[in-house]
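**Q** Here it is: the structure, laid out below.
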Amino acid sequence: MNDSSVVEAADNVFFVQGSLVNWVLLRDGSNLTLIDGGYPGDIDDVEASIRAIGLRPEDVQAVLLTHAHADHVGAVQPFHSRYGIPTYADPAEVGHAHRDYLDQLTPAKLISNLWRPRVLPWAVAIIRNRALQDVAAPHVQAFPTDGALDLPGKPVPVPTHGHTAGHSAYYVPQAGAVITGDALVTGHKVVRAVGPQLIPPLFQHGDPTDLLAALKPLVDLDADVVLPGHGGLHRGPIREAVAAVHA
């Protein structure tokens, strides 16, 4: 891989920090669950991250989405087309993944913010990473069951609706880890701040109070490894990370 690094954040939980966005691999023997899939231009790095831990893209049993923004769904349709891999998301996010509607940063809002430090270089980078490519994934389905999913890692969806209507985090109890997507991040290319925080205002839709409220389901999780969609790996109780965001 050129711009990605793979870290085993907890037993059989691999955090992959790409050049612009992160994804996660959950391993159970020779089987994997992939959580999120980067930009369309990240597909080679997603596959390389799987090979870096000694497995093959064909070993992925399913892809789970935290949400259906272009920087998280890049591998979804290619993995389905190449390997027949299914993809699951919160029921409220399925229509977004199908592109029945869009719930994301608009071109007008982006253009009006290009004057801000760091935004223009980021915009150029995502365009080079094929952010404008059609990422509709009509095969995405709602979670097949409630509670822990019968997939490698036994991830438990945690509704964190706010950043999008059906945003979901994923809790891995046996590893004490939580994948927070964009509900709680630890940094982003358009800001200097590092540490637990909300996604930058440029990417917020609606009232920030709703984004804070969306973190409430995370507070009672017994997790001290936080794997965000943007920024670095965070170690420490998730309830303290949420408290830091509120503070």
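**Q** Step by step: first the residues of the stretch 68-86, then only those that are farther than 22 Å from Gln17 by Cβ and either part of a loop (DSSP other than H, G, I, E, B) or at pLDDT below 95 (or both), then the one that is least open to solvent (accessible area, probe 1.4 Å). Which residue is that?
**A** In this case the residue turns out to be Ile85.
**Q** Any idea which of Ala108, Ala89 is at pLDDT 95 or above and small (Gly, Ala, Ser)? Walk me through how you get there before you give the answer.
**A** Working: Ala108 fails: at pLDDT 95 or above.
After applying the criteria, what remains is Ala89.
**Q** A follow-up question, please. In the stretch 39-76, what residues are out of contact with any helix residue (DSSP H, G or I) (no Cβ under 7 Å at 6 or more places or on another chain), aliphatic (A, V, I, L, M) and over 26 Å from Gln204 (Cβ atoms)?
**A** Val46, Ala48, Ala52, Ile53, Leu55, Ala62 - these are the residues of the stretch 39-76 that are out of contact with any helix residue (DSSP H, G or I) (no Cβ under 7 Å at 6 or more places or on another chain), aliphatic (A, V, I, L, M) and over 26 Å from Gln204 (Cβ atoms).
Let's see how each residue does on (1) open to solvent by 20 Å² or more (accessible area, probe 1.4 Å); (2) in a loop (DSSP other than H, G, I, E, B); (3) of a type in the set (S, T, N, Q):
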residue: Ile127; (1), (2), (3): yes, no, no
residue: Leu149; (1), (2), (3): no, yes, no
residue: Gln174; (1), (2), (3): yes, no, yes
residue: Val191; (1), (2), (3): yes, yes, no
residue: Val194; (1), (2), (3): yes, yes, no
residue: Leu227; (1), (2), (3): no, no, no
residue: His230; (1), (2), (3): no, yes, no
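**Q** Picking from Val46, Val135, Val119, which residue would you name as being within 30 Å of Arg192 (Cα to Cα), surrounded by fewer than 20 Cβ atoms within 10 Å (Cβ to Cβ) and of a type in the set (Val, Ile, Thr)?
**A** Val119
**Q** Also, I was wondering about something else. Counting only residues that are out of contact with any strand residue (DSSP E or B) (no Cβ under 8 Å at 6 or more places or on another chain) and not hydroxyl-bearing (Ser, Thr, Tyr), how many does the stretch 1-41 have?
**A** Number of matching residues: 11.
**Q** Using the structure shown, decide if Gly54 is open to solvent by 10 Å² or more (accessible area, probe 1.4 Å), in a loop (DSSP other than H, G, I, E, B) and small (Gly, Ala, Ser).
**A** yes
**Q** Search the stretch 188-213 for residues that are more than 17 Å from Val21 (Cα to Cα) and pair each with any residue that is open to solvent by less than 30 Å² (accessible area, probe 1.4 Å) and not β-branched (Val, Ile, Thr) when their beta-carbon atoms are under 6 Å apart and the residues are at least 6 apart or on different chains.
**A** If the second residue must be open to solvent by less than 30 Å² (accessible area, probe 1.4 Å) and not β-branched (Val, Ile, Thr), the pairs left are Asp210/Gly162; Leu211/Gly162.
**Q** Sticking with this one: Within the stretch 176-187, can you find the residues that are touching a helix residue (DSSP H, G or I) at 6+ places or on another chain (Cβ under 8 Å) and assigned to a loop (DSSP other than H, G, I, E, B)?
**A** Listed by number, the residues that qualify are Asp182, Ala183, Leu184.
**Q** Here's another thing I want to ask about it. Considering only residues that are closer than 15 Å to His246 by Cβ and open to solvent by 10 Å² or more (accessible area, probe 1.4 Å), which ones fall in the stretch 160-172?
**A** Residue satisfying the conditions is Gly162 alone.
**Q** When only residues in the stretch 11-38 that are in a loop (DSSP other than H, G, I, E, B) and in contact with a Ser or Thr (Cβ under 8 Å, 6 or more places away or on another chain) count, which is surrounded by the most Cβ atoms within 10 Å (Cβ to Cβ)?
**A** Asp36
**Q** Moving on. Applying the selection to the stretch 180-219, what residues are at pLDDT 95 or above and of a type in the set (Asp, Glu)?
**A** Selection gives Asp182 alone.
**Q** Turning to a different aspect of this structure: Would you call Glu8 part of a strand (DSSP E or B), free of Cβ contacts under 8 Å to residues at least 60 places away in the same chain and open to solvent by 60 Å² or more (accessible area, probe 1.4 Å)?
**A** Yes.
**Q** Restricted to the stretch 97-116, and to residues that are farther than 19 Å from Ser81 by Cα and part of a helix (DSSP H, G or I), which residue is least open to solvent (accessible area, probe 1.4 Å)?
**A** Our first condition is that a residue be farther than 19 Å from Ser81 by Cα; within the stretch 97-116, this holds for 100-116.
Retained after the next criterion (residues that are part of a helix (DSSP H, G or I)): 107-112.
Working: Pro107: 96, Ala108: 73, Lys109: 64, Leu110: 36, Ile111: 116, Ser112: 69 Å².
That would be Leu110.
**Q** So how many residues does the stretch 204-213 have that are under 18 Å from the mean Cα position of the chain (by Cα) and either over 22 Å from Lys189 (Cβ atoms) or open to solvent by 20 Å² or more (accessible area, probe 1.4 Å) (or both)?
**A** The number of residues fulfilling the criteria is 3.
The values are calculated or read from the model by the stated rules, or taken from the named source; none is laboratory data. Just so we're clear, the structure is a prediction, and the values are computed from it rather than from any experiment. Cβ: placed from backbone, ideal geometry, glycine included. Neighbour counts: every protein chain shown. When the accessible area is computed, the model is the full protein with side chains, heavy atoms only, and any ligands, DNA or RNA have been set aside. Shrake-Rupley method; radii C 1.70, N 1.55, O 1.52, S 1.80 Å.
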